[in-house]
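A short worksheet on the structure shown next.
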Amino acid sequence: MKLYARLMLDWKKIDTILLDMDGTLLDLNFDNHFWQEFVPEQYAKLHNLTLEQAKQQLDPKFKAMQGKLEWYCLDYWSEVLKLDIVGLKREISGLITVLPHVTEFLTRAKQSSQKLILVTNAHRDSLDLKMEKTCLAHFFDVLICSHDFGKPKENPDFWPLFHDKYPFDNSKTVLVDDNLKVLKAASDFGIEHVVSVRLPDTKQAQKNIANYPSIADFRELMTGL
């Protein structure tokens, strides 16, 4: 089995580019560090726990919400954990970084005729903070949060709702996302070109992705753009 399948897009036949944010445009290390280390540290301080005790208490709470809209909702976690999640994100926002070659790709795509849409599961407050820190918003025609539709992107119901409000031709659309469940939902909906990201977190090893074409960074998508 090959480690991954390369994708050579015919950009002349693409008119819409859908891009995820965390783990696709931005280094997922920020979010992994935030939820796996920084939030448990603050939770431990609040409840006078050791870090290990805090992680043991938080782990089932997190796992219970994975794949649901609540998993991505900062308001939900602020209420459940009694922590100012938005404030905590801003506290370590210096760790927010753009993945290599993303800006180069966006610059080239912006100069082309394709429509550029950011489609993220991130809460609007998180999106606003990250756009503030990275200055990427101006590249996009529209910034979409799945919260606007009440469903996360991995839920099959998201895609028809999104498509109804922002119509696009499935056969002329490409989606780049690091979440394989999102890619499956989008592919099942009929989006012809779906691409995964093998290195969403630069502090971790590349993923072995067998089911979808994938890229290590956006240089692999720029041929012909």
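Each value in this text was obtained by applying a stated rule to the coordinates, not by laboratory testing. Keep in mind that what you see is a predicted model, and the values were worked out from it rather than measured. All Cβ positions, glycine included, derive from the backbone under ideal geometry; neighbour counts span all protein chains shown.
With a Förster radius of 25 Å applied to the beta-carbon distance between residue 37 and residue 216, the computed FRET efficiency rounds to 0.50.
Quick check: the angle from helix 180-189's long axis to the longest principal axis of the chain, C-alpha only, nearest 10 degrees? With both axes taken from Cα atoms, the answer is about 40 degrees. Note on the stretch 30-94: Cα Rg divided by 2.2 N^0.38 Å, N the number of residues, gives 1.04.
Which order do the peptides 191-203, 55-67 come out in when sorted by mean C-beta neighbours inside 10 angstrom, highest first?
191-203, 55-67
Footprinting exposure proxy ranking of 188, 27, 15, fewest other C-beta atoms within 10 angstrom first, gives 188, 15, 27. Dipole check for the chain: with +1 at the C-beta of Lys and Arg, -1 at the C-beta of Asp and Glu, and the Cα centre as origin, the magnitude is about 440 Debye. Extent along the principal axes, Cα only, for the chain: 58, 36, 35 Å, with the longest axis given first.
Straight-line cross-link reach from residue 63 at under 19 Å between alpha-carbon atoms covers these lysines, not counting any fewer than eight positions away in the same chain: 55, 82, 151, 153, 181. In plain terms, if you count all Cα to Cα distances in the stretch 140-225 and split them into 10 Å steps from zero, the share in each step is 16, 45, 33, 6 percent. Rounded to 0.05, the FRET efficiency of the residue 180 and residue 103 pair, given R0 = 25 Å and the Cβ-Cβ distance, is 0.50. Here the extension length gained between residue 164 and residue 51 equals 36.1 nm, from 0.36 nm per residue of separation less the Cα-Cα distance.
Can you put 146, 187 in order of Cβ neighbours within 10 angstrom, beginning with the fewest? Please list the in-between numbers first.
Numbers: 146 22, 187 17.
Neighbour counts put them in this order, fewest first: 187, 146.
Nearest 10 degrees is fine. How inclined is helix 51-65 to the longest principal axis of the chain, computing both from alpha carbons? Tilt of helix 51-65: around 50 degrees.
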